[in-house]
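Enquirer: This is the structure I want to talk about, given as structure tokens.
The values are calculated or read from the model by the stated rules, or taken from the named source; none is laboratory data. Here the structure is a predicted model, which means the values were calculated and not measured. All Cβ positions, glycine included, derive from the backbone under ideal geometry; neighbour counts span all protein chains shown. Calculation scope for accessible area: heavy atoms of the full protein, side chains included, ligands and nucleic acids excluded. Shrake-Rupley method; radii C 1.70, N 1.55, O 1.52, S 1.80 Å.
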Amino acid sequence: MTSAPVICRRPVLAAPLADMHPVVARVLAARGITHADELDVALAELPRPRLADVEAAVARLAQARAAAEKILLVGDFDADGATSVALALRGLRALGYGAVEYLVPNRFDYGYGLTPELVELAAERQPDLIVTVDNGVSSHAGVAAAAARGIDTIVTDHHLPGADLPQAVAVVNPNREDCPFPCKELAGVGVVFYLLIALRAHLSEQGNLDPAPSIAGLLDLVALGTVADLVKLDRTNRILVEQGLRRIRAGQAAPGILALLGIARREPATVSAGDLGYAVAPRLNAAGRLADMTLGIETLLADTPEDAHAAATRLDELNTERRRIEGEMRAQADTELDRLRAPFEERTLPAGIVLHDERWHEGVIGILAGRVREAVHRPAVVFADAEEPGMLKGSARSVPGLHVRDVLARIAAAQPELLQRFGGHAMAAGLQLAADQLPVFRKAFIREVELVVGDGTPVHEVQTDGVLEDAELSLATAEALRLAGPWGPGFPEPVFDGEFDVRKAWTVGERHLKLKLVPVDGGAPVEAIAFNADAALHDDPGARVRLVYRLDVNEYRGRRSALLVIEHLERIGRDMKEQASG
């Protein structure tokens, strides 16, 4: 489904910093880093917890502690939600709260957020106070249902609020219009971290903590949730992630995180943000996608290596099943996209893609929407049948320049009866509608997308940091780039482009292609890997290829070496030297 991208090299926006590895200096200059102070990721550089309503939330939590009230945390069923619950529970217990429990909705039975139905279930536990984490800013009916039962609610969330806020005791959300907090990109787990910091300061000032516990010791959870939720890594989030990574590298992480890294064959002592995003987060998310996120939360709450390993093993099994289901769904989506474009060219595809198949699994449609978006470079909405007869649940993934939640908001404003519910971010959103309204939604979605991005053929652009010279294709460069992170959205991981001749190619695992390459201008051979790749090169040594790749560190049996992780591979001819010798 993919086409060759247009390779665009990032312009250098600032003067490269001195006294630094030259490749790292060049990469940072392309990201607008103008001063070494901008790279300071010390905890002291974090902004103070001045979020709207944080004082009201702290006061209510202090009251709950004094009265030994029962607190119920209500989470979400993704990795951000799971880490938020684990952080809140561990943090509150460390601050002297004895009666803290959690409840996470099963996506198939209750859907997202604090719904009235979930409040009914929560009430069976007789809480005095509900604290939502990574959800709640749109839960007007749920907050009202809790109030009707005499239960106060504190909302902590980072999703974009609507025109009105729920009538909770406090709504702590950096994306409120009246919130002065400078970082609007906090993940849900970041919001919880800041609430705990403010609560710790308040209790200390009141003389209720002696000694005051370290909330910073829980930053491994903050790092995992922040990376998993793909929020922009502005400076605040980079500090949170890097400080969490340092604790993991020092062996001070939750046993569950260490167990998940072990299952994924990642070394905690050299862990990177990429390891959290590509290896740990998918296994944690598998619980919420296929079963119940309770398993993921219990993994993060495990106190012994033995319990953590057992739980992580179950998560790994679920992730294997998720990958199998995803593979089937991707094949079915490919067939549908081929039907949409046949017998014409790709340019005839709609500006926005809306797909539905009654066979698709509700827990995997978000991943599939992302795969479709990547394949055709258009915003995509993928639907599965909901548990409720006659209803569909959808997951949307967008492209740069299109705020998909705003698109859904405009559709809802124009046709108030069309969407049963929706919410999300600029790049991802969820929604629900009646199955018989799918054609109406498809038409409305395509129209709104065309108004923003037009209806022409999209250009698939890949930005790179240029070419690495032979001497720069080294372990030293790879290690310097890894240490310069954390990398992620808004602070993109360095990728490079170049032309190479294939000396050897072989398959590893089931679908991965390992390559031995030589730069076309000559130089030492270097190893590369292309995940889920076309194996045709296996029988074609001597091919000349153009690559877009990341330079990473390969660790195998105690040996460390440079490795090119291929993101795009394009065959462009034959090795001229081989042709001449032939």
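Enquirer: Inspect all residues belonging to region 143-159 and state whether any of them is under 28 Å from the mean Cα position of the chain (by Cα), touching a residue at least 24 places away in the same chain (Cβ under 8 Å) and surrounded by fewer than 20 Cβ atoms within 10 Å (Cβ to Cβ).
Expert: No: zero hits.
Enquirer: Hey, another quick one. May I ask you to say which residue of S214, S204 is open to solvent by 20 Å² or more (accessible area, probe 1.4 Å), modelled with pLDDT of 95 or more and more than 14 Å from the chain's Cα centre (by Cα)?
Expert: On the way: S214 fails: modelled with pLDDT of 95 or more.
None of the others qualify; the one that does is S204.
Enquirer: Starting from region 114-140, take each residue that is of a type in the set (V, I, T) and list its partners that are open to solvent by 10 Å² or more (accessible area, probe 1.4 Å) and part of a helix (DSSP H, G or I), counting only C-beta distances under 8 angstrom and pairs at least six apart or across chains.
Expert: Going by the 8 Å Cβ cut-off, the qualifying pairs are T115/A141; V119/A145.
Enquirer: Do we find a residue being modelled with pLDDT of 95 or more, open to solvent by less than 10 Å² (accessible area, probe 1.4 Å) and either among the polar types (S, T, N, Q) or over 30 Å from L46 (Cα atoms) (or both) anywhere in region 101-112? Walk me through it before giving the result.
Expert: Looking only at region 101-112, we keep the residues that are modelled with pLDDT of 95 or more, and these are 101-103.
If we keep only those that are open to solvent by less than 10 Å² (accessible area, probe 1.4 Å) as well, we get none.
Looking for residues that are modelled with pLDDT of 95 or more, open to solvent by less than 10 Å² (accessible area, probe 1.4 Å) and either among the polar types (S, T, N, Q) or over 30 Å from L46 (Cα atoms) (or both), one finds none in region 101-112, hence no.
Enquirer: What number goes with the only condition from (1) within 24 Å of A384 (Cα to Cα); (2) out of contact with any strand residue (DSSP E or B) (no Cβ under 8 Å at 6 or more places or on another chain); (3) surrounded by fewer than 23 Cβ atoms within 10 Å (Cβ to Cβ) that H356 does not pass?
Expert: Exception for H356: condition (2).
Enquirer: I need a count of the residues in region 480-534 that are under 31 Å from the mean Cα position of the chain (by Cα), acidic (D, E) and open to solvent by less than 20 Å² (accessible area, probe 1.4 Å).
Expert: Counting residues in region 480-534 that are under 31 Å from the mean Cα position of the chain (by Cα), acidic (D, E) and open to solvent by less than 20 Å² (accessible area, probe 1.4 Å) gives 1.
Enquirer: For the structure I just gave you, tell me whether E185 is surrounded by fewer than 24 Cβ atoms within 10 Å (Cβ to Cβ), acidic (D, E) and under 20 Å from the mean Cα position of the chain (by Cα). Step through it out loud before you land on a result.
Expert: On the way: surrounded by fewer than 24 Cβ atoms within 10 Å (Cβ to Cβ): yes; acidic (D, E): yes; under 20 Å from the mean Cα position of the chain (by Cα): yes.
Here the answer is yes, as E185 does meet what is asked.
Enquirer: Filter region 436-450 down to the residues that are in contact (Cβ under 8 Å) with a residue 40 or more places away in the chain and out of contact with any strand residue (DSSP E or B) (no Cβ under 8 Å at 6 or more places or on another chain), then identify the one that is least open to solvent (accessible area, probe 1.4 Å). Steps first, please.
Expert: So in region 436-450, the residues in contact (Cβ under 8 Å) with a residue 40 or more places away in the chain come out as 436, 438, 441-442, 445-446, 448-450.
Narrowing further to those that are out of contact with any strand residue (DSSP E or B) (no Cβ under 8 Å at 6 or more places or on another chain): 436, 448-450.
Numbers: D436: 117, E448: 25, V449: 0, E450: 73 Å².
In this case the residue turns out to be V449.
Enquirer: Scan region 6-26 residue by residue and report those that are aliphatic (A, V, I, L, M) and assigned to a loop (DSSP other than H, G, I, E, B). Steps first, answer last, please.
Expert: Start the filter on region 6-26 by keeping residues that are aliphatic (A, V, I, L, M), which leaves 6-7, 12-15, 17-18, 20, 23-25.
Matches in region 6-26: V12, L13, A14, A15, L17, A18, M20.
Enquirer: Here is a follow-up. Scan region 71-99 for residues that are assigned to a helix (DSSP H, G or I) and within 30 Å of G363 (Cα to Cα) and report the count.
Expert: Within region 71-99, residues that are assigned to a helix (DSSP H, G or I) and within 30 Å of G363 (Cα to Cα) number 13.
Enquirer: Can we say A375 is at pLDDT below 90, open to solvent by less than 60 Å² (accessible area, probe 1.4 Å) and assigned to a helix (DSSP H, G or I)?
Expert: Numbers: at pLDDT below 90: yes; open to solvent by less than 60 Å² (accessible area, probe 1.4 Å): yes; assigned to a helix (DSSP H, G or I): yes.
Criteria met by A375.
Here is a yes/no grid of residues against (1) in a helix (DSSP H, G or I); (2) modelled with pLDDT of 95 or more; (3) under 18 Å from G188 (Cβ atoms):
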site	(1), (2), (3)
L221	yes, yes, yes
V231	no, no, yes
A253	no, yes, no
A259	yes, yes, no
L276	yes, yes, yes
V280	yes, yes, yes
R289	yes, no, yes
I297	yes, yes, yes
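Enquirer: Inside region 391-401, can you point out the residues that are open to solvent by 50 Å² or more (accessible area, probe 1.4 Å) and among the small types (G, A, S)? It would help to see each step written out before you state the result.
Expert: The initial filter retains those residues of region 391-401 that are open to solvent by 50 Å² or more (accessible area, probe 1.4 Å), namely 397, 400-401.
G401, the sole residue that qualifies.
Enquirer: Just need a number here: residues in region 240-263 that are in contact with a helix residue (DSSP H, G or I) (Cβ under 6 Å, 6 or more places away or on another chain) and in contact (Cβ under 8 Å) with a residue 40 or more places away in the chain.
Expert: Taking region 240-263 first, the residues in contact with a helix residue (DSSP H, G or I) (Cβ under 6 Å, 6 or more places away or on another chain) are 240-241, 243-245, 247-249, 253-261, 263.
When the remaining residues are screened for being in contact (Cβ under 8 Å) with a residue 40 or more places away in the chain, the result is 240-241, 243, 245, 254-260, 263.
Here the count works out to 12.
Enquirer: Scan region 27-70 residue by residue and report those that are within 30 Å of F491 (Cα to Cα) and either in contact with a His (Cβ under 8 Å, 6 or more places away or on another chain) or not in a loop (DSSP other than H, G, I, E, B) (or both). Lay out the reasoning, then the answer.
Expert: If we filter region 27-70 for residues that are within 30 Å of F491 (Cα to Cα), which is where we start, we get 27-54.
Hits for region 27-70 are V27, L28, A29, A30, A36, D37, E38, L39, L43, A44, E45, V54.
Enquirer: Determine if region 103-120 includes at least one residue that is basic (K, R) and within 21 Å of A201 (Cα to Cα).
Expert: Our first condition is that a residue be basic (K, R); within region 103-120, this holds for 107.
Next, only the ones that are within 21 Å of A201 (Cα to Cα) stay: none.
No.
Residue-wise test of (1) part of a loop (DSSP other than H, G, I, E, B); (2) over 26 Å from P11 (Cα atoms).
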{"residue": "E479", "(1), (2)": "no, no"}
{"residue": "A533", "(1), (2)": "yes, yes"}
{"residue": "R546", "(1), (2)": "no, no"}
{"residue": "Y549", "(1), (2)": "no, no"}
{"residue": "N554", "(1), (2)": "no, yes"}
{"residue": "L564", "(1), (2)": "no, no"}
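Enquirer: If you don't mind, another one. Scan region 264-279 residue by residue and report those that are open to solvent by 40 Å² or more (accessible area, probe 1.4 Å) and either charged (D, E, K, R) or within 19 Å of T304 (Cβ to Cβ) (or both).
Expert: Correct list: R265, R266, E267.
Enquirer: Restricting to region 440-468, give me the number of residues that are modelled with pLDDT of 95 or more and assigned to a loop (DSSP other than H, G, I, E, B).
Expert: Going through region 440-468 one residue at a time, the tally reaches 4.
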